[in-house]
Structures are given as structure tokens and as C-alpha cells.
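Reviewing the structure listed below.
The values are calculated or read from the model by the stated rules, or taken from the named source; none is laboratory data. Nothing here was measured: the structure is a model prediction, and the numbers come from that model. Cβ: placed from backbone, ideal geometry, glycine included. Neighbour counts: every protein chain shown. The protein model used for the area step is the full one, side chains on, heavy atoms only, and it has no ligands, DNA or RNA in it. Shrake-Rupley method; radii C 1.70, N 1.55, O 1.52, S 1.80 Å.
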Amino acid sequence: MSALASEYASDALTGETVDVVVVGGGAAGLNGALMLARSRRSVVVVDSGNPHDAPAEAMHGFVVLDGMPPAEILERGREQVRYYGGKVVFGEVAAAEPAGASDDGDLRFTVTLSDDRTVTARRILVATGLRDVLPDVPGLAEHWGRGVAHCHGWEVRDEAIGVLATGPASVRHALLFRQLSDDLIYFTRDGELDENTRERFAARGVRIVDIAVEEVLAGDDGSVAGLRLADGSIIARSILAVANRMQARTGGLDGLKLPMEDLPDNMGASAAAGALAAAHINSLLVTADTDAALNRVTTG
């Protein structure tokens with residue numbers, strides 16, 4: 001469990017079978033838990049305390065919540081889930097797997113935490129989120145979420161921006177950041193850049209540097225100061241943009257044999273996805289409850 005999680009109280013597990021265990025305490029998990037708890041489902045959220053957006057100072061682009069620190073948003077979410085009777089338990093999932101069905105044939109799953117606590121549930125909502133995979137450039141990771149970003153807007157307007165190429169998607173990435181500043185340099189990092197793209201960049205005033213990047217440099221205040229290139233030259237930049245890869249966090253979930261799909265990569269979309277998944281789960285549980293009730297009537 002992270003230091004972040006240890007700052008908050010963890011609800012107790014009672015040993016009772018709950019309707020849903022939500023694995024993940026980010027925007028998707030909390031919004032899903034909220035929807036389920038509001039439908040009077042018993043819900044336990046297992047939160048590792050390591051949210052994807054932890055490095056970010058504020059969340060932007062979501063009406064009403066624009067500018068609010070992610071940690072504050074999540075704490076409000078925990079409070080709201082608890083208000084409707086849901087529980088939030090801090091811990092790491094060590095294993096999640098199917099368990100024996102109930103007497104009426106309904107599904108059961110067992111979730112085991114790293115400290116050997118267990119909880120049994122009728123359904124599991126997996127909302128573990130994403131892990132950023134950054135280019136292997138010395139000094140880059142230390143600035144992730146602050147001077148180094150995947151997406152940004154108003155806060156970096158008119159800054160000296162550098163785009164570090166990671167693949168074909170970086171071309172579009174650069175043009176999006178060009179909307180924010182006239183001072184933009186595209187670092188190809190030994191990647192291919194065709195003449196048509198070079199012409200388009202030139203038309204928009206995007207400068208291109210083909211020399212390999214060796215290091216991200218920090219200023220005296222710890223912020224991004226620039227890039228050191230393979231020829232020893234230094235180019236000053238205050239913001240770096242990276243079209244990074246993302247991987248789903250699947251630790252402890254192998255026993256569920258889940259198929260992998262593309263996932264939303266921002267808080268608003270994640271929250272919406274969590275709500276949709278929760279609505280589907282509640283519908284499945286309604287059907288199971290009705291089938292069980294009918295079976296009791298016909299066999300009673």
C-alpha cells in the first residue's frame with residue numbers, strides 16, 4: 001500500500017459476500033461504485049492508492065471540476081461512495097479468481113489482498129486504470145505530469161515546447177501542441193519523417209531537430225530547462241510533450257482471464273466508462289436476483 005493510501009481511513013471487511021468488488025479506486029472505479037451503491041448494491045472498492053494521475057497538479061477539461069487537484073477529486077469520490085453505503089478498502093490485490101457458485105447457481109468470485117484479507121463478491125468491476133510507458137530518455141520520468149506531459153492546454157500556452165517523437169502518432173501530437181504556442185520544436189529521435197510531413201511542419205512554423213536526444217535537463221528550481229543532444233548542444237525548452245504508450249494495470253488479475261481492450265486515457269472518459277460498466281453489472285444482478293426469486297417460488 002502506498003503512502004498516499006495510508007493517509008486515509010480504510011473500511012473494515014466483514015466477511016460477508018457483497019454484490020460487487022470494484023478493483024481500482026480512481027475515477028472509473030469510484031464512479032462505478034457510486035452508481036452501484038446508489039442502486040442499493042453492496043460494494044467494496046479496493047484502492048491501491050496509486051492513481052494514474054497522481055503526478056498532475058490539477059485536472060483540466062472537465063466542467064465544474066476544472067482546476068481541481070486529482071487527489072481532492074478522489075477523496076470527494078470516496079466520501080460520496082461511503083455516503084451511499086459503499087466501502088473503500090486500501091490495499092493491493094494479490095489474486096482474483098472465480099469461486100464456487102452459490103446454491104442458486106449465481107456466480108461468486110474471491111479477491112485476496114496482499115495482506116491476506118479476502119472478500120467474496122457476486123461480480124467484479126475491474127477499474128485498475130493505466131500505467132504510463134515513457135521513452136528511455138534520462139531525466140524524462142522525473143518530470144512526468146509536470147514539465148513533461150501527454151496532453152495539456154491553456155497552462156502551456158506560449159511556452160517553449162518540445163515534442164519528443166515516439167512513433168507516427170507524434171506528428172499529430174505536434175500539430176495539436178502547435179495550436180498552443182508558436183515556439184515548438186519536434187525532436188525526431190532517429191525516427192522517420194517524410195518530406196510531406198516536413199513541409200507541413202514548415203508551413204506551421206514547427207522546427208525539426210534530427211539529432212538524437214541524450215538527456216532532459218532540470219533547472220535550479222527543478223523544472224524542465226531543456227534537452228542535451230548527442231552532439232553536446234543544449235536546446236532550452238520549458239515544456240516537453242510525449243505521446244507515450246499506456247498499459248493496463250493487471251497485477252493480481254490473471255485468474256480472471258480477462259480479454260484486453262483499448263481503455264479511456266483521461267479522467268472524464270474513465271468516469272463515464274466506470275458508470276456504464278456499473279449499470280451493466282447492476283442489470284446482470286437484477287436478472288440473477290429475479291431468477292433466484294422465481295426459482296424459490298416454483299420450488300417452494
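Reported value for the chain: 156 Å³ per residue, from the convex hull of its C-alpha atoms. Only beta bridges with both residues in segment 151-286 are counted; by DSSP, about 40 percent of them are antiparallel. Simple spin-label estimate for residue 179 and residue 280 gives 3.0 nm between the two label positions (7 Å along the Cα-to-Cβ direction from each Cα).
Spacing of the modelled spin labels on residue 94 and residue 287, each 7 Å from Cα toward Cβ, amounts to 3.5 nm.
The simple Förster model, with R0 at 35 Å and r as the Cβ-Cβ distance, assigns residue 158 and residue 134 a FRET efficiency of 0.85.
Be a star and scan segment 268-286 for residues whose amide nitrogen sits under 15 Å from the point 7 Å along the Cα-to-Cβ vector of residue 246. Within reach of a label on residue 246: 268-275.
What the chain shows is 53 Å² of accessible area per residue, with the surface traced by a 1.4 Å probe over protein heavy atoms. Taking all Cα pairs closer than 8 Å and separated by 6 or more residues, the relative contact order of the chain comes to 22 percent. Take the Cβ atoms of residue 220 and residue 151, set R0 to 25 Å, and the FRET efficiency comes out at 0.35.
With an 8 Å Cα cut-off and a minimum separation of 6 or more residues, compute the relative contact order for segment 85-167 in percent. About 16 percent, as a whole number. Return the single residue from 63, 156, 111 with maximal mean-square fluctuation; model: Gaussian network over the chain, springs between Cα atoms under 10 Å. Looking only at 63, 156, 111, the biggest GNM fluctuation is shown by 63.
Taking the square roots of 5 times each eigenvalue of the Cα gyration tensor of segment 223-300, largest first, gives ellipsoid semi-axes of 52, 15, 8 Å.
Of the accessible area of the chain, computed with a 1.4 Å probe over protein heavy atoms only, carbon and sulfur atoms account for 51 percent.
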